[in-house]
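Chemist: Below are the structure tokens for one structure; questions will follow.
The values are calculated or read from the model by the stated rules, or taken from the named source; none is laboratory data. Values in this document were obtained by computation on a predicted structure and should not be read as measured data. Cβ placement follows ideal geometry from the backbone for every residue including glycine, while neighbour counts extend to all protein chains displayed. Areas reflect the complete protein model, heavy atoms only, side chains present, ligands, DNA and RNA absent. Shrake-Rupley method; radii C 1.70, N 1.55, O 1.52, S 1.80 Å.
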Amino acid sequence: MSKHQTIAERLHSQGFSRRDFLKFCGMTATIMGLPPAIIPQIAKALEKTPRQSVIWLSFQECTGCTESLTRAHTPTIEGLIFDHISLDYHLTLQAAAGKAAELTRQQAMQDNKGNYLLIVDGSIPVGNPGYSTIAGRSNKDMLMEVAEGAKAILAVGSCAAFGGIPHAYPNPTGAVPVEELITDKPIINLPGCPPIPVAIAGVIAQIVTFGTLPELDSLKRPLSFYGQNIHDRCYRRPFYDKGLFAESFDDEGAKKGWCLYKLGCKGPVTYNACATTKWNAGVSFPIESGHGCLGCSEPNFWDAGSFYKALSVPTGDFAQTAGYALAAGAAVGVASGILNKMKKRDAIGNHETVTIDDLERK
Amino acid sequence: MMTSGDFLFWVRGPAFQIATAIFAFGISWHLLEILSLGRKPDRSVPRGSRMLGGLRTIFSRSIADKSIFQSSAFTIVASYIFHLGFFIVLFLLVPHIMLFQALLGFGWAGLPTTLIDVITIITLLALLALLIHRLKNPVRRFLSTFEDYLAWTVTFLALLTGYLAYHHSIQPYSLVLGLHILSVEILMVVFPFTKLMHTFTFIIARWYIGANAGHRGIQL
């Protein structure tokens, strides 16, 4: 496979027709929320663009993000995009190992200096670097080295974007997200545990076609995929509005598909595209399969209270707090009652009787 | 940097614990102190029952006397609308019931959220009308203290932020939900130390008046 093939040439060599190619451009425009008029521009850009060099670094992660992307059903855009970028380094997917693998990475960095995309999945242990090393080097060292020549960084998955599960209390490795270490490069966070494949593909498609970075929210997430919350787009939302809730995972309400708010669904505070793009080639998403949203694309989702506690319920044991406070208040109340009585008694004791003589003297 | 998620976690966690502690402590302290003040025993021969008089007055005072109603019809009607609306929103919105269930161990049926939404608007309007009514009249304005405005503000904010949270009027939702919970926590902290305590003390006051009348055999 020639590295200098354009995406259009590559599609053509795989037996895709011009029509297929334009369809692909149309889908790309759709997922990026662009008008149809832009499709010819996308086609033109893709026809001329050489394959984008991508270096993928995996740190403290579970490979779920890679699984999510590679197990996408063909022929999806994410599949196509993956075929048509030049993935120069990816520990899980590459054939090379050991020194050969590291040499590939060095080579790619040299050839595409300032122009390659860096994808990171997993958090970086800075408390004790020994928790995660590659070829004897700490994750932080490698990240700093590769980030230097990168055009932009995609922090894929909640671990790379926000620290994720390794960052959860008590964070034994001192895990941090990418944005805590890199401040001088454009960073795009694509959180989720795992993130939706089309979100990864869509951002890569935009960078490849337009050379621009997507518009981001305050948490550096692309608005095109993380602009709306699950609750607003949920097909169970009408039941929330009607006040119809499942009380347990197997009651009548659950069977009728009522809202899962009471069972701890975090849809109202979660920004992601699950409710619209869905998973497994559009089959369903967690809420559709009967479980509340965990809020996995939000920072610190693991530490934000029980997955099964409704959002309106405080996280701590406030009934106990209320009990202690009532008892303490009662004690103080009784004490001040006693003080008041003593004050009254003293006042009576110190009372001086005024006689007629006293009054006449004045 | 504190994200809106961190903020929501803080108000649902530590902040709620602090607010609950101050709220419960303050109420318990003040009620016990009021009750322990006691009254001088009335040694006169009773002409009726203190108990019956007290109990009856707790309820009978909820209905305004005709002449009083005529002189301040607006205040009474608007206050009624506000109080009823506030109780419905507080006790019959499902997410609120979840909170009481966590505290008490049992819950009850709620009303549809859209109905609660309409009631919230009516309640907010009643509160606004009461504030304007208070400000328009020079005597009422003169009699109003900082505490009156504070009690109004914390109540209004709790309702308003709840309304905004339901409509996702501020983005992200975790921020507006956090603001709503925080506004309620402010209400809880202010509650025991302001006239908001009338939620509990009205019972004591009405009981005292009614019991005295009952003892003297006054027909109410």
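Chemist: May I ask you to verify whether A:THR104 is open to solvent by 50 Å² or more (accessible area, probe 1.4 Å) and part of a helix (DSSP H, G or I)?
Modeler: yes
Chemist: Please pick out the residue among B:LEU187, B:LEU130, B:LEU125 that is loosely packed, with under 15 Cβ neighbours inside 10 Å, assigned to a helix (DSSP H, G or I), under 17 Å from the mean Cα position of the chain (by Cα) and away from chain A (no Cβ under 12 Å).
Modeler: After ruling out the rest, the residue left standing is B:LEU125.
Chemist: While we're looking at this one, here's another question. If I go through the stretch A:107-159 residue by residue, how many of them are outside any helix (DSSP H, G or I), over 30 Å from A:ASP303 (Cα atoms) and open to solvent by less than 10 Å² (accessible area, probe 1.4 Å)?
Modeler: 4
Chemist: In the list B:VAL11, B:VAL94, B:VAL89, which residue meets the criterion of being closer than 26 Å to B:THR153 by Cα, more than 9 Å from every other protein chain (Cβ to nearest Cβ) and buried (at least 20 other Cβ atoms within 10 Å of the Cβ)?
Modeler: Details: B:VAL11 fails: more than 9 Å from every other protein chain (Cβ to nearest Cβ); B:VAL94 fails: more than 9 Å from every other protein chain (Cβ to nearest Cβ).
Step by step, each of B:VAL11, B:VAL94, B:VAL89 is checked, and only B:VAL89 is closer than 26 Å to B:THR153 by Cα, more than 9 Å from every other protein chain (Cβ to nearest Cβ) and buried (at least 20 other Cβ atoms within 10 Å of the Cβ).
Chemist: Right, here's the next one. Any idea which of B:PHE82, B:PHE100 is open to solvent by less than 50 Å² (accessible area, probe 1.4 Å), of a type in the set (Phe, Trp, Tyr) and within 14 Å of chain A (Cβ to nearest Cβ)?
Modeler: B:PHE100 is the lone residue from the list that is open to solvent by less than 50 Å² (accessible area, probe 1.4 Å), of a type in the set (Phe, Trp, Tyr) and within 14 Å of chain A (Cβ to nearest Cβ).
Chemist: Can you find a residue in the stretch B:161-169 that is in contact with a Phe, Trp or Tyr (Cβ under 9 Å, 6 or more places away or on another chain), in a loop (DSSP other than H, G, I, E, B), within 25 Å of A:SER218 (Cα to Cα) and within 14 Å of chain A (Cβ to nearest Cβ)?
Modeler: yes
Chemist: Against the conditions (1) assigned to a helix (DSSP H, G or I); (2) open to solvent by less than 30 Å² (accessible area, probe 1.4 Å); (3) more than 8 Å from every other protein chain (Cβ to nearest Cβ), where does A:ALA331 fall short? Just the number, please.
Modeler: (2)
This table checks each residue for (1) within 14 Å of another protein chain (Cβ to nearest Cβ); (2) among the hydrophobic types (A, V, I, L, M, F, W, C); (3) touching a helix residue (DSSP H, G or I) at 6+ places or on another chain (Cβ under 6 Å); (4) under 22 Å from A:ALA147 (Cα atoms).
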{"residue": "A:TYR169", "(1), (2), (3), (4)": "yes, no, yes, no"}
{"residue": "A:VAL176", "(1), (2), (3), (4)": "yes, yes, no, yes"}
{"residue": "A:ASN189", "(1), (2), (3), (4)": "yes, no, yes, yes"}
{"residue": "A:ILE196", "(1), (2), (3), (4)": "no, yes, yes, no"}
{"residue": "A:ALA201", "(1), (2), (3), (4)": "no, yes, yes, yes"}
{"residue": "A:LYS220", "(1), (2), (3), (4)": "yes, no, no, yes"}
{"residue": "A:SER224", "(1), (2), (3), (4)": "no, no, no, no"}
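Chemist: Does the stretch A:314-326 contain at least one residue that is of a type in the set (A, V, I, L, M, F, W, C), within 20 Å of B:PHE100 (Cα to Cα), open to solvent by 50 Å² or more (accessible area, probe 1.4 Å) and out of contact with any Pro (no Cβ under 6 Å at 6 or more places or on another chain)? Full working, then the answer.
Modeler: From the stretch A:314-326, those of a type in the set (A, V, I, L, M, F, W, C) are A:318-319, A:322, A:325-326; that's our starting set.
Next, from what is left, pick out any that are within 20 Å of B:PHE100 (Cα to Cα): A:318-319, A:322, A:325-326.
Going one step further and asking which of them are open to solvent by 50 Å² or more (accessible area, probe 1.4 Å), we end up with A:326.
Keeping just the survivors that are out of contact with any Pro (no Cβ under 6 Å at 6 or more places or on another chain) gives A:326.
Yes, that holds for at least one residue.
Chemist: From the list B:LEU35, B:LEU52, which residue is assigned to a helix (DSSP H, G or I), within 14 Å of chain A (Cβ to nearest Cβ) and open to solvent by 90 Å² or more (accessible area, probe 1.4 Å)?
Modeler: Answer to the selection: B:LEU35.
Chemist: Pick from the stretch B:137-181 the residues that are closer than 16 Å to A:LEU311 by Cα and among the small types (Gly, Ala, Ser): which of them is modelled with the lowest pLDDT?
Modeler: Looking at residues that are closer than 16 Å to A:LEU311 by Cα and among the small types (Gly, Ala, Ser), I get B:SER174.
Chemist: Starting from residues that are among the aromatic types (Phe, Trp, Tyr) and free of Cβ contacts under 8 Å to residues at least 40 places away in the same chain, keep the ones in the stretch B:55-79 and report whichever is surrounded by the fewest Cβ atoms within 10 Å (Cβ to Cβ). Steps first, please.
Modeler: Applying the first criterion (among the aromatic types (Phe, Trp, Tyr)) to the stretch B:55-79 yields B:59, B:69, B:74.
The next check asks that each one be free of Cβ contacts under 8 Å to residues at least 40 places away in the same chain; those that pass are B:59, B:69.
Numbers: B:PHE59: 10, B:PHE69: 13.
Here the residue is B:PHE59.
Chemist: Take A:SER336 and tell me if it is within 14 Å of chain B (Cβ to nearest Cβ), polar (S, T, N, Q), free of Cβ contacts under 8 Å to residues at least 40 places away in the same chain and crowded, with 16+ Cβ neighbours inside 10 Å.
Modeler: It is true that A:SER336 is within 14 Å of chain B (Cβ to nearest Cβ), polar (S, T, N, Q), free of Cβ contacts under 8 Å to residues at least 40 places away in the same chain and crowded, with 16+ Cβ neighbours inside 10 Å.
Chemist: Only residues that are more than 8 Å from chain B (Cβ to nearest Cβ) and in a loop (DSSP other than H, G, I, E, B): list them for the stretch A:310-328, please.
Modeler: A:ASP317
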